[in-house]
(Lines give C-alpha, C1' and ligand atoms only; values in the text may rest on other atoms or scores of the structure.)
Protein backbone atom coordinates (compact mmCIF):
# COMPACT_ATOMS: atom_id res chain seq x y z
CA UNK A 1 0.00 0.00 0.00
CA UNK A 2 2.86 2.42 0.80
CA UNK A 3 4.40 1.82 -2.64
CA UNK A 4 1.10 2.60 -4.34
CA UNK A 5 0.72 5.79 -2.34
CA UNK A 6 4.26 6.93 -3.16
CA UNK A 7 3.50 6.36 -6.85
CA UNK A 8 0.75 8.99 -6.73
CA UNK A 9 2.25 11.35 -4.13
CA UNK A 10 3.42 13.97 -6.64
CA UNK A 11 0.04 13.97 -8.40
CA UNK A 12 -1.78 14.35 -5.09
CA UNK A 13 0.53 17.15 -4.01
CA UNK A 14 0.01 19.02 -7.28
CA UNK A 15 -3.78 18.76 -6.95
CA UNK A 16 -3.70 20.01 -3.36
CA UNK A 17 -1.25 22.79 -4.21
CA UNK A 18 -3.40 24.02 -7.09
CA UNK A 19 -6.49 24.03 -4.92
CA UNK A 20 -4.99 25.58 -1.78
CA UNK A 21 -2.14 27.71 -3.14
CA UNK A 22 0.22 26.80 -0.30
CA UNK A 23 2.89 24.11 -0.35
CA UNK A 24 2.71 23.63 3.40
CA UNK A 25 -1.07 23.14 3.36
CA UNK A 26 -0.79 20.84 0.35
CA UNK A 27 1.74 18.63 2.13
CA UNK A 28 -0.54 18.46 5.19
CA UNK A 29 -3.44 17.39 3.00
CA UNK A 30 -1.34 14.67 1.34
CA UNK A 31 -0.28 13.33 4.73
CA UNK A 32 -3.88 13.34 5.93
CA UNK A 33 -4.94 11.51 2.77
CA UNK A 34 -2.32 8.88 3.52
CA UNK A 35 -3.79 8.35 6.98
CA UNK A 36 -7.29 8.05 5.52
CA UNK A 37 -6.07 5.56 2.92
CA UNK A 38 -4.39 3.42 5.57
CA UNK A 39 -7.57 3.18 7.61
CA UNK A 40 -9.65 2.01 4.63
CA UNK A 41 -9.78 -1.73 3.84
CA UNK A 42 -7.98 -2.41 0.54
CA UNK A 43 -10.62 -4.83 -0.75
CA UNK A 44 -13.09 -1.91 -1.00
CA UNK A 45 -10.78 0.13 -3.28
CA UNK A 46 -11.21 -0.49 -7.03
CA UNK A 47 -8.91 2.25 -8.33
CA UNK A 48 -6.30 3.45 -5.87
CA UNK A 49 -5.50 6.56 -7.92
CA UNK A 50 -9.16 7.61 -8.10
CA UNK A 51 -9.63 6.87 -4.41
CA UNK A 52 -6.65 9.01 -3.36
CA UNK A 53 -7.61 11.83 -5.72
CA UNK A 54 -11.11 11.89 -4.25
CA UNK A 55 -9.77 11.99 -0.71
CA UNK A 56 -7.36 14.85 -1.49
CA UNK A 57 -10.02 16.83 -3.35
CA UNK A 58 -12.54 16.53 -0.53
CA UNK A 59 -9.96 17.37 2.12
CA UNK A 60 -8.97 20.49 0.15
CA UNK A 61 -12.59 21.57 -0.17
CA UNK A 62 -13.05 21.10 3.57
CA UNK A 63 -9.89 23.12 4.23
CA UNK A 64 -11.05 25.96 1.98
CA UNK A 65 -14.51 26.04 3.59
CA UNK A 66 -12.97 26.04 7.03
CA UNK A 67 -10.59 28.88 6.10
CA UNK A 68 -13.48 30.89 4.68
CA UNK A 69 -15.46 30.37 7.88
CA UNK A 70 -12.48 31.37 10.02
CA UNK A 71 -12.09 34.62 8.06
CA UNK A 72 -15.78 35.42 8.53
CA UNK A 73 -15.77 34.83 12.28
CA UNK A 74 -12.58 36.66 13.22
CA UNK A 75 -12.92 37.90 16.79
CA UNK A 76 -9.64 39.78 17.14
CA UNK A 77 -9.21 43.55 17.21
CA UNK A 78 -9.76 45.45 14.02
CA UNK A 79 -6.66 47.34 13.01
CA UNK A 80 -6.93 49.91 10.23
CA UNK A 81 -4.39 49.79 7.46
CA UNK A 82 -1.58 52.30 7.54
CA UNK A 83 -2.82 54.55 4.72
CA UNK A 84 -6.30 55.09 6.18
CA UNK A 85 -4.71 55.80 9.55
CA UNK A 86 -2.36 58.43 8.12
CA UNK A 87 -5.17 60.14 6.21
CA UNK A 88 -7.26 60.29 9.38
CA UNK A 89 -4.37 61.65 11.42
CA UNK A 90 -3.50 64.18 8.74
CA UNK A 91 -7.08 65.42 8.60
CA UNK A 92 -7.51 65.59 12.38
CA UNK A 93 -4.24 67.41 13.05
CA UNK A 94 -4.45 69.84 10.16
CA UNK A 95 -5.70 72.70 12.37
CA UNK A 96 -3.53 71.92 15.40
CA UNK A 97 -0.20 71.82 13.56
CA UNK A 98 2.17 74.75 13.41
CA UNK A 99 2.04 76.58 10.12
CA UNK A 100 5.70 75.75 9.44
CA UNK A 101 4.91 72.03 9.20
CA UNK A 102 2.44 71.38 6.43
CA UNK A 103 0.18 68.31 6.48
CA UNK A 104 2.06 66.89 3.50
CA UNK A 105 5.38 67.07 5.33
CA UNK A 106 3.84 65.51 8.43
CA UNK A 107 2.26 62.72 6.36
CA UNK A 108 5.49 61.94 4.54
CA UNK A 109 7.41 61.92 7.83
CA UNK A 110 4.88 59.52 9.36
CA UNK A 111 4.88 57.15 6.33
CA UNK A 112 8.60 56.77 5.95
CA UNK A 113 9.68 56.81 9.60
CA UNK A 114 7.06 54.60 11.21
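The values are calculated or read from the model by the stated rules, or taken from the named source; none is laboratory data. All values derive from a computational prediction rather than experimental measurement. Glycine also receives a Cβ, built like all others from the backbone with ideal geometry; neighbour counts cover every protein chain displayed.
Considering only residues that are touching a residue at least 24 places away in the same chain (Cβ under 8 Å) and surrounded by fewer than 17 Cβ atoms within 10 Å (Cβ to Cβ), look in segment 26-49 and name the one that is farthest from the chain's Cα centre (by Cα).
Applying the filter and picking the extreme gives 42.
Which one of the conditions (1) over 30 Å from residue 3 (Cα atoms); (2) modelled with pLDDT of 90 or more does residue 108 fail to meet, given that it meets all the rest?
(2)
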